[in-house]
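Step one of this worksheet: look at the structure below.
The values are calculated or read from the model by the stated rules, or taken from the named source; none is laboratory data. Nothing here was measured: the structure is a model prediction, and the numbers come from that model. Every residue, glycine as well, gets a Cβ built from its backbone with ideal geometry; the counts of neighbours run over all protein chains shown. Please note that ligands, DNA and RNA were not included when accessible areas were found on the heavy atoms of the full protein model with its side chains. Shrake-Rupley method; radii C 1.70, N 1.55, O 1.52, S 1.80 Å.
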Amino acid sequence: MGAAAIEAIIKARNIEGPFAGIFDFCRRVDLRKVNKKVIESLIKCGAFDSAGALRSQVWAVYEKAMENGQQIQKQKPVIQKSLFGGSENAFILSASNGKYPEMPEWPENELLAFEKEALGFFISSHPLVSFEKELKKISNTNAKEIQNFKDGAEAKSEGCP
């Protein structure tokens, strides 16, 4: 994500506070600076998770949210010049959005792959978490506890050389 996109997001957040979701985000940020690729990365890394929708749901509607945001942003100069009716047009556009389709979340392996792609690391979990019980059965330590081992002590995993 480039500096211009980051600055546009921070500016919009500083003016009106936290974003309520993808539709609010696309209505408020400068979509000439925050493009489709940036929004895709934000969805993949979980930036909209706090708004209450699943990442799969946000992904399903983000293009519609961008279209609505672009329409609202195009009307801003007209709304500012118009004494009557301008705010009604903005309300009609914004009232038609905000609905997410009923659908399941992406599988955990996809969520983690998207996080790794977008951020370079995992944030919500780790791929080995599903193997935690098995790992505890075959090893005598973990990364946190190994610091308590005395010099020369053996850290091992059963079945591994």
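The residues in the range 1-35 that are open to solvent by 70 Å² or more (accessible area, probe 1.4 Å) and either closer than 23 Å to Pro104 by Cα or within 10 Å of the chain's Cα centre (by Cα) (or both) can be counted, and the count is 1. Before we move on, is Ser87 closer than 21 Å to Pro18 by Cβ, modelled with pLDDT under 80 and in a helix (DSSP H, G or I)? The answer is no for Ser87.
Is it the case that Glu102 is charged (D, E, K, R), surrounded by fewer than 12 Cβ atoms within 10 Å (Cβ to Cβ) and modelled with pLDDT of 90 or more? I'd like the intermediate steps shown before the answer.
Values: charged (D, E, K, R): yes; surrounded by fewer than 12 Cβ atoms within 10 Å (Cβ to Cβ): yes; modelled with pLDDT of 90 or more: yes.
Answer is yes for this residue.
A Cβ distance below 6 Å, combined with a sequence gap of six or more or placement on separate chains, defines the contacts here; from the range 117-135, residues that are open to solvent by 80 Å² or more (accessible area, probe 1.4 Å) reach residues that are not hydroxyl-bearing (Ser, Thr, Tyr) in the pairs Ile123/Glu115.
Taking the range 38-56 as the range and being of a type in the set (Ser, Thr, Tyr), open to solvent by less than 70 Å² (accessible area, probe 1.4 Å) and modelled with pLDDT under 95 as the test, only Ser41 passes.
From the set of residues in the range 69-84 that are assigned to a helix (DSSP H, G or I) and either of a type in the set (Ser, Thr, Tyr) or touching a Lys or Arg at 6+ places or on another chain (Cβ under 7 Å) (or both), which is modelled with the lowest pLDDT? Only one residue tops the list, namely Ile72.
Count of the range 10-37 residues, restricted to those that are assigned to a helix (DSSP H, G or I), β-branched (Val, Ile, Thr) and at pLDDT 95 or above, is 2.
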